[in-house]
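K.L.:
My structure is below; once you've seen it, I'll send some questions.
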């Protein structure tokens, strides 16, 4: 029975991943169906139950994501993000390289506090509009925004879904990411930006046809509800301050995010039905279902086998083991969404910790690999897919082949930088 349970639970999990990867069916539907099948088979075979499935769900992660989604849903209709993009366009004075750096910088900063998908959905359409106004191709700006959002999101606890998952599992605080992750990410960002400028040198050297037209844009006109924007930003700023001290107050980041969302809802009093429509319920269901499936893998004994396999590498240097994990996770994240990869590896790392291995550095290796690996292919992250889809409305759509020529080098460079710095600071991680 144990062998059969291991085989069937593995088939359910990896079969679901293949369907998610194929994108022929909505990934949330696949994940929900997979989780229901895992529970059903587990009950029949005696290795899983509804109670165990509920225990496998990380509600701290779901709460943090939901709270931030509500805050973003309230800020989006105010026009604040368009306001930032137009300010950047005016500051660039229509010069392509300057516009490239400004839009990339805004995207990077936003991606440290908002999830990458939200950042790209808000910034990319405005980028296309600005490109059309000054008469340049939107391609280099869109690709750079996706890649820099993938890279920048690794810097903070709330910047990337894998970080949220890792922080909840490992008990890492917001400040831990600022101390251990952000310095490495900043160096990786510098390397990625420099490389992107070189890769898009030809496009960025072209003289805009209407460079002065951008100066006619009025940032104030993009703000639909300035008072609401001010209120939500104040609440978001307060939440960020609590993220800094939540570890000392012994409260979870999810409590901070949901409390901030509650305060913002009471203060702004928006149409609650419209706000709830904008919450990405499908993403929350996707995460919850993945937790249930991975819980099934754990109870069937699959993850125990994986832990044993990793233990067989005990003769390998711990530093080399961590670097190897960065590259393996990055490679997997380039072809499969980094969220299921992260959820699947978290209990494996925990299992290694139970054997006596020092797993603190491995959490950071997992974060770097999952975050930077998504840049490698056009399907490596949701942000990549979104900019590719939006680019179809322009004269220079982004293809898979083009992405490999631009995204893969960025993935390799950022992972190489992370590996070198990881080796140098390993003893402090």
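K.L.:
Being closer than 21 Å to residue 65 by Cβ, crowded, with 16+ Cβ neighbours inside 10 Å and within 22 Å of the chain's Cα centre (by Cα) narrows it down to one of 240, 156, so name that one.
P.N.:
Numbers: 240 fails: crowded, with 16+ Cβ neighbours inside 10 Å.
Of 240, 156, the one residue that is closer than 21 Å to residue 65 by Cβ, crowded, with 16+ Cβ neighbours inside 10 Å and within 22 Å of the chain's Cα centre (by Cα) is 156.
K.L.:
Quickly run through segment 183-218 and pick out the residues that are in a helix (DSSP H, G or I), surrounded by fewer than 19 Cβ atoms within 10 Å (Cβ to Cβ) and either free of Cβ contacts under 8 Å to residues at least 60 places away in the same chain or under 19 Å from the mean Cα position of the chain (by Cα) (or both).
P.N.:
183, 186, 187, 190, 194, 198, 201, 202, 216
K.L.:
While we're on this one: If the Cβ limit is 8 Å and pairs must be 6+ apart or interchain, which residue in segment 242-267 that is at pLDDT below 85 pairs with which residue that is assigned to a loop (DSSP other than H, G, I, E, B)?
P.N.:
246/173; 246/252; 247/173
K.L.:
Pick from segment 91-104 the residues that are free of Cβ contacts under 8 Å to residues at least 40 places away in the same chain and closer than 14 Å to residue 144 by Cα: which of them is surrounded by the most Cβ atoms within 10 Å (Cβ to Cβ)?
P.N.:
Among them, the one singled out is 102.
Yes/no per residue for (1) at pLDDT 95 or above; (2) assigned to a loop (DSSP other than H, G, I, E, B); (3) at negative phi; (4) in contact with a helix residue (DSSP H, G or I) (Cβ under 8 Å, 6 or more places away or on another chain):
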position	(1), (2), (3), (4)
350	no, no, yes, yes
353	no, no, yes, no
356	no, yes, no, no
376	no, yes, yes, yes
379	no, yes, yes, yes
401	no, no, yes, no
411	yes, no, yes, yes
419	yes, no, yes, yes
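K.L.:
Which condition number in (1) closer than 30 Å to residue 295 by Cβ; (2) out of contact with any helix residue (DSSP H, G or I) (no Cβ under 6 Å at 6 or more places or on another chain); (3) at pLDDT 90 or above is the one that residue 405 fails?
P.N.:
(1)
K.L.:
Right, here's the next one. So which of 344, 334, 370, 365 ends up being without any contact (Cβ under 8 Å) to a residue 60 or more places away in the chain, surrounded by 17 or more Cβ atoms within 10 Å (Cβ to Cβ) and in a helix (DSSP H, G or I)?
P.N.:
Checking each option against the conditions leaves just 365.
K.L.:
Are any residues in segment 219-235 touching a residue at least 40 places away in the same chain (Cβ under 8 Å) and surrounded by 15 or more Cβ atoms within 10 Å (Cβ to Cβ), and if so, which ones?
P.N.:
219, 222, 223, 225, 228, 229, 232, 233, 235
K.L.:
While we're on this one: May I ask you to list pairs of residues, at least six apart or on different chains, whose Cβ atoms are under 7 Å apart, with the first in segment 51-67 being without any contact (Cβ under 8 Å) to a residue 24 or more places away in the chain and on the phi < 0 side of the Ramachandran plot and the second being surrounded by 19 or more Cβ atoms within 10 Å (Cβ to Cβ) and outside any helix (DSSP H, G or I)?
P.N.:
From segment 51-67, no pairs qualify.
The rows are residues; the columns are (1) crowded, with 24+ Cβ neighbours inside 10 Å; (2) in contact with a helix residue (DSSP H, G or I) (Cβ under 9 Å, 6 or more places away or on another chain); (3) at pLDDT below 90; (4) more than 23 Å from residue 191 (Cβ to Cβ).
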position	(1), (2), (3), (4)
117	no, yes, yes, yes
123	yes, yes, yes, no
132	no, no, yes, yes
135	no, yes, yes, yes
144	yes, yes, no, no
150	yes, yes, no, no
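K.L.:
A further question on this structure: Quick one: which residue in 10, 16 is touching a helix residue (DSSP H, G or I) at 6+ places or on another chain (Cβ under 9 Å), touching a residue at least 60 places away in the same chain (Cβ under 8 Å), crowded, with 17+ Cβ neighbours inside 10 Å and assigned to a helix (DSSP H, G or I)?
P.N.:
Of the residues listed, the single one that is touching a helix residue (DSSP H, G or I) at 6+ places or on another chain (Cβ under 9 Å), touching a residue at least 60 places away in the same chain (Cβ under 8 Å), crowded, with 17+ Cβ neighbours inside 10 Å and assigned to a helix (DSSP H, G or I) is 16.
The values are calculated or read from the model by the stated rules, or taken from the named source; none is laboratory data. For clarity, every value in this text was computed on a predicted model and none was experimentally measured. Neighbour counts run over all protein chains shown; Cβ positions are idealised from the backbone, glycine included.
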